[in-house]
Amino acid sequence: MTMVSLWGGEPVPGCLFGSLTEADPDRVALVDGELLLTYAGLLAWARRIADLLDEHGVRAGDMVAVTGPRGAATTAAMLGITYLGAVYVPLDPEYPRRRLTYMLDDSGAQVLLHTGAVPQLGGTARLLAIPGPYDGAAPGDRKPVDCRPDLGFYAIYTSGSTGWPKGVVIPHSCLDAMVSWQAGHSPQPDLRTAQFAPLNFDVSFQEILGTLRGGGTVVYVPEELRRHPAGLLSWLVANRIERLFLPYMALQMLAIAVTTAADVSGVALREVNVAGEQLVVTGDIRTMFRRLPAARLVNHYGQSESAMVTSHVLPADVDAWPAIPPIGVPLPGCEVLVDPPDPAEPEVGELLVAGLPVSLGYLHRPELNADRFRTVPPTPRGHTTVFRTGDLVRAAGGTVTFLSRVDSQVKIRGVRIDLAEVDAHLLGRPGVKAAACVSVPTPSGTRKLRAAVTAHDDGPPPDVYTLRQYLREVLPEASVPASITVLPELPRTPSGKIDRDAVAGLVTAALGVRPGFA
């Protein structure tokens, strides 16, 4: 059977470091509080870090971890690592210590660069403080390693069904194509862009590298404003921010701030990109863009395993926006295919990704790689490897629309969560016989995690407070269920699998919550 195939066209060639060296050396590249760093200063800083890593034996292909607050230092460290051809492994300090320790050990990183407080993660990695932009001797004339297509650029960790996250390696071929597209796709390449995403969220690479590729300026959002919409709006005005990347829920909160603000004439936004979860166009979002007619809204789609896949620019007429916009058309160098369960409806099925966005696969997970990264007969564009996304889509009229997940993964506040990972942690606790985490809709169109457990036949019911405290020690905050309910048993499907829809119904009933009001 021939699958529906959409092709994004030929990619724009280029290497990130080539564009950085061609940028105006005196133009401001990074703004981090009081620190303003030019392109010349940023490249010098990156070379200084590369020299430091070289002195400690780091070579092309080696893993180097970085932890510390979002900011110019972690960006310079990323560039210094890739200058050597090594692989950048971001470790968000907001994650639980045990989770970070696991990620550090699993990556095999021999060096951990850090800024801010000295990390207490244990392990054998050598700790090196990231030097300041003007520390030590002037950097030499080291040239960056060539951007080989098969050379890893970064390794990022995403949820795993074993109870611990799994690492995904993204090569230069994927990243260089994506940031080149971003520079050419935006209204202009050199926009002032807010850096909002956490280190472990792959949108951060699009924010930072897509901006630097176009000669723009990256401005770091203060951490305390990431959850303060009114304060963020004032900051956007004060810093003349022109481009913004947000998960849907953060966009909705900002839209409320814009809607209620007395005056938005100082907002300089020209492009707002939303990614990480399904975009729902609410009344507040429509009002926001009516009040900001110079700004456009763009819906992005991708996974950690295949980075940026598709994009959809909403039309200028806000009234013409559908409630659930499409995820759009593939990026240059990307081929998407639809694998339909019903041949009579070939445009609906699981989305498969081929071409440049596809990663190098999971670290140390050969069985999972064999399952998710499939070898196939040549596609219409000649690709023989596809990534199975687990997303059900419809491809019609050259545009892709997301329908639902076909497995147990969901997006909460822009973070991809494997429900089975939460299950695995609950099942490992004393007194828990069975467990199921479920995603329940809320009135605003977002979703909330809740969980249910059953007790062993011969023991007391588990203490739900203790269970949630444990989950906070091993999972990101977005992965911790809002509640855990003890049930007599968990409903199952005829095939013996846990019926999560039925579990969600029982949980909401036990909590006295009406359906849809989680």
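If I take the Cα coordinates of the stretch 188-280 and project them onto the principal axes, what are the three extents in Å, biggest first?
The Cα atoms of the stretch 188-280 stretch 36, 27, 24 Å along the principal axes, largest first.
Plugging the Kirkwood radius over Cα pairs into Stokes-Einstein for the stretch 1-100, at a temperature of 37 °C and a viscosity of 0.692 mPa s, what D comes out in µm²/s?
Diffusion coefficient, whole number: 208 µm²/s.
On full extension of the chain, what length is gained from Thr442 through Arg290, given 0.36 nm per residue of separation minus the C-alpha to C-alpha distance?
52.2 nm
Considering only C-alpha atoms, what is the centroid distance from the stretch 71-147 to the stretch 170-186, in Å?
The distance from the Cα centre of the stretch 71-147 to that of the stretch 170-186 comes to 23 Å.
With no other cysteine's Cβ closer than 4.7 Å, which Cys residues of the chain count as lacking a disulfide-compatible partner?
Cysteines lacking a close Cβ partner in the chain: Cys174, Cys334, Cys437.
For every helix of n ≥ 4 consecutive DSSP H residues, a contribution of -39,500 (n - 2.57) applies; sum these over the chain, divide by its total residues, and give [θ] at 222 nm rounded to the nearest 500 deg cm²/dmol.
It lands at -8500 deg cm²/dmol.
Need one number: nm distance between label points at His56 and Ala320, each 7 Å from Cα along Cα→Cβ, rounded to one decimal.
5.4 nm
I want the local charge near Ala482. Using Cβ-Cβ distances under 10 Å, sum +1 for each Lys or Arg and -1 for each Asp or Glu among the other residues.
Around Ala482, the surrounding residues sum to +3.
P(r) of the chain in 10 Å steps, Cα pairs, percent per bin?
4, 18, 28, 28, 17, 5, 1, 0
Let me check something: with ligands and nucleic acids excluded, how do Lys433, Lys143, Lys166, Lys448 order by accessible area (1.4 Å probe), largest to smallest?
On the way: Lys433 105, Lys143 160, Lys166 10, Lys448 75 Å².
Final ranking, largest accessible area leading: Lys143, Lys433, Lys448, Lys166.
Applying a 10 Å radius around every beta-carbon, put 503-510, 153-160, 457-464, 34-41 in order of their mean neighbour count, most first. Each step should come with its number before you reach the end.
Numbers: 503-510: 18.0, 153-160: 23.5, 457-464: 11.8, 34-41: 16.0.
My ranking of the peptides, most packed first, is 153-160, 503-510, 34-41, 457-464.
For the pair Gln469/Arg97, report the inter-label distance in nm, with labels modelled 7 Å from Cα in the Cβ direction.
1.6 nm
Size of the dipole of the stretch 345-421 about the Cα centre, Lys and Arg at +1 and Asp and Glu at -1 on the beta carbon, nothing else charged, in debye to 20?
The calculation lands at about 240 debye.
The values are calculated or read from the model by the stated rules, or taken from the named source; none is laboratory data. Please read these numbers as outputs of a predicted model, since none were measured by experiment. As a convention, Cβ positions derive from the backbone with ideal geometry for all residues, glycine included, and neighbour counts pool all protein chains shown. The area values use the complete protein model at the heavy-atom level, side chains included, leaving out ligands, DNA and RNA. Shrake-Rupley method; radii C 1.70, N 1.55, O 1.52, S 1.80 Å.
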